[in-house]
1. The conditions are (1) over 26 Å from the mean Cα position of the chain (by Cα); (2) under 25 Å from ILE550 (Cα atoms), and VAL687 fails exactly one of them. Which is it?
2. Residue pairs, Cβ under 7 Å, 6 or more apart or interchain, first in segment 667-690 and over 30 Å from LEU615 (Cα atoms), second in a loop (DSSP other than H, G, I, E, B) and aliphatic (A, V, I, L, M). List them.
3. Which of (1) modelled with pLDDT under 90; (2) in a loop (DSSP other than H, G, I, E, B) is the odd one out, the single condition SER176 does not satisfy?
4. Quick check on my filter: what residues within segment 541-571 are part of a strand (DSSP E or B) and under 14 Å from VAL618 (Cβ atoms)?
5. In segment 431-463, which residue that is more than 24 Å from the chain's Cα centre (by Cα) and farther than 19 Å from ILE535 by Cβ is surrounded by the most Cβ atoms within 10 Å (Cβ to Cβ)?
6. Could you go through segment 407-425 and let me know if any residue there is of a type in the set (S, T, N, Q), surrounded by 16 or more Cβ atoms within 10 Å (Cβ to Cβ) and part of a loop (DSSP other than H, G, I, E, B).
7. Just to confirm my filter: which helices (runs of 4 or more DSSP H) fall fully inside segment 52-160 and include at least 2 residues that are farther than 28 Å from ARG11 by Cα and at pLDDT 90 or above?
Amino acid sequence: MAVTLLMYAPRICTTISGPAVYSRFSDDRFHACKEDAKFTWVRALDFTRNHSFGKCSTLALVLDEGAPVSFILNSLPLSGELGELVISSMEFFGPSSKVVPLVDCPSGCSVSYEVLFRLNSLVHMGKIVAKDVNADLFRALQEIPVHISRRVFEKMSKLEFTCYEPLRFIQQEAHSRKRGQDALLSSKTEGEGKLMMCYRIHITPSKIYCLGPEEEVSNYVVKHHKQYASDFARVTFVDEDWSKLFPDAISARTGRGFFSQPLKTGLYYRILSILKEGFSIGPKKYEFLAFSASQLRGSSVWMFASNDSLKAEDIRRWMGNFEDIRSVSKCAARMGQLFSSSRQTLEILPRDVEEIPDIEVTTDGSKYIFSDGIGKISERLAKEMACRIGLDYTNPPSAFQIRYGGYKGVVAVDPDSFRNLSLRPSMKKFESKSRMFNITSTSKSQPCYMNREVISLLSTLGIRDEIFESMQQNDMHELDEMLTNREAALSVLGKIGSAETKTASKILLQGYEPSLEPYLLMILKAHQDNRLTDIRTRCKIHVPKGRVLIGCLDETGELEYGQVYIRITKNSKEQKDNCQPYFAEDNGKEKTAVVVGKVAVSKNPCLHPGDIRVLEAVYDHGLYAKNLVDCVVFPQRGERPHPNECSGGDLDGDLYFITWDEKLIPEKVDLPMDYTAARPRIMDHVVTLEANIIHFEQLLIACLFVHGLPESLRRYIS
């Protein structure tokens, strides 16, 4: 018998058979199956009584008598390192649980939760063998300060091999660090700045993996309850090899016909059970808390280990009043609103906030809101906010995407505003007593790229394919040149002007040549590889005469329907070129410029030719005085808002594709598509926690289905 180490648990499947079962075999096709051909494979869970597939990390190979044992053993990977193998009994300190493998403290021993979690992480990552986690190891960890244990575990996690003597390793490392007076006496402070330390847990059909604590962008909920930060965990549902689950693994098609009901597999009920009943790691039992839209795309939820002082229900009650929301989908979305990655600034009292009316119009029986999701912020408060998030307070961003209590959307700087905040009813999603002003993003100049969808729509509207091919060839030529030519590298990075390229730009400006500086060449090569991958897989072509900008509203009411106001920060290449007819009054000295003339506007994902709008960019003295930079300002006039014409967008933080390249502006456009949303399903009672959990699993299946589509189709569904 031979034994080999498994990195992941195996995928387990079972067959479903019967006359009504959908089969891969056609009725008249020859097949060599002894059983009934009317069967299909579906995913199954660990069928062993003591969860052996989840607990074990080894595979036994049993050979028949007379088989060439030595030849087979020598053919195994790492056969030389395996040496002589023996079978021995082990004492496993693990709870009987539906999530395995987990190690727990034996009776008479006690370690901190962080030490226990990190120890489980090392077992799950194969750095320690579970049989070596015994009472002696726990007794040794009791005598070591937590901050030293943390450093020892961090070193052990970086090992490229399994440590078969963890007790000896830990004792030696702890002794050397005590003698050296390790300076790191505490972990990174929870909640400082924009990062936080987060416990992460991966749950597969058979196993659990503890990860971290790891750095993650903070959110307001965890930041507000920072004294209980170690009780929060981000739980992700993945396949055995940590890849995304396939939707058929949770809900499989087994019947014939379009209206056949899918089969809910064992994995469906495993996920449902974990979310409903929770699970325990040591002394903590994690319960479902909430999830945000970005977490849903990553198959993740937030869970919380309730204690005597704070329970998951208390956090949801603190977040806001959701009882008036009778739609399950809306209730779940509103709960996740405060879990968006954000920067916390300061609390704003109600007396400094006013509610101003929305700008609405009714056209052909449909009501449109021109001010959907946008409000105003005073210049004084904008400068203070810029200072608090580490930006130049003398030149604050023109717009902030925010979360404030139950409000969600964008606030644009208004120098004439007397109130700190002016918010609109369309921004209010639920009632909340929270007064913290959270910033998720700000307006900034972002490079413009076409993707496969934009190219397809522009081609449909009459733009010649040769133009796209020429722009792609120019892109690839510049990417080749940047590796050998300093000026070419500066030109490419200057056109992009993103934060990721600042380091390379600084080195180039010091006079270094790419071919003579290995570190610089490595950065440029990484950028080239990323860009070439994007071009190959997504047809991502850079548009020099364009930007991606956040949408804002013309509060002055000067813009007419069909007009926009665009003032951008010029990149280094644009600052060198003084002859640009599409910039109004451009003398080359200003760092900003107002775009004038025809522009094409769209928003991703775009799926209809009418999503490409051709508008007139104009210079307006009133808007120029308001100093709105790096945002596209839409009018408040017309029969329908331009953002709504672009894929049904609004002004609560949507980013818009803008180009003033005359080669990419269609001569004629299609009528915009009708994006009137379907009425949500309203319940006659308060949305329960169980309903939110079931809704999460249904959305999870839908998101996994979309993820499994080809890239060309995936962006059409959101």
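The values are calculated or read from the model by the stated rules, or taken from the named source; none is laboratory data. Please read these numbers as outputs of a predicted model, since none were measured by experiment. Backbone-built Cβ (ideal geometry, glycine too); neighbour counts: all protein chains shown.
1. (2)
2. Close Cβ pairs (under 7 Å, with a partner that is in a loop (DSSP other than H, G, I, E, B) and aliphatic (A, V, I, L, M)) amount to VAL687/ILE325.
3. So the condition that SER176 fails would be (2).
4. First, the residues of segment 541-571 that are part of a strand (DSSP E or B): 541-553, 563-569.
Passing the criteria: GLN563, VAL564, TYR565, ILE566, ARG567.
5. SER432
6. Yes, there is a match, as at least one residue in segment 407-425 is of a type in the set (S, T, N, Q), surrounded by 16 or more Cβ atoms within 10 Å (Cβ to Cβ) and part of a loop (DSSP other than H, G, I, E, B).
7. Details: elements: 52-55, 69-75, 79-82, 113-124, 135-142, 146-157.
Once the helices (runs of 4 or more DSSP H) in segment 52-160 are filtered for at least 2 residues that are farther than 28 Å from ARG11 by Cα and at pLDDT 90 or above, what remains is 113-124, 135-142, 146-157.
Here is a yes/no grid of residues against (1) of a type outside the set (Asp, Glu); (2) at pLDDT below 95:
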site	(1), (2)
LYS506	yes, yes
LEU524	yes, yes
HIS527	yes, yes
ASP554	no, no
TYR561	yes, no
ARG567	yes, no
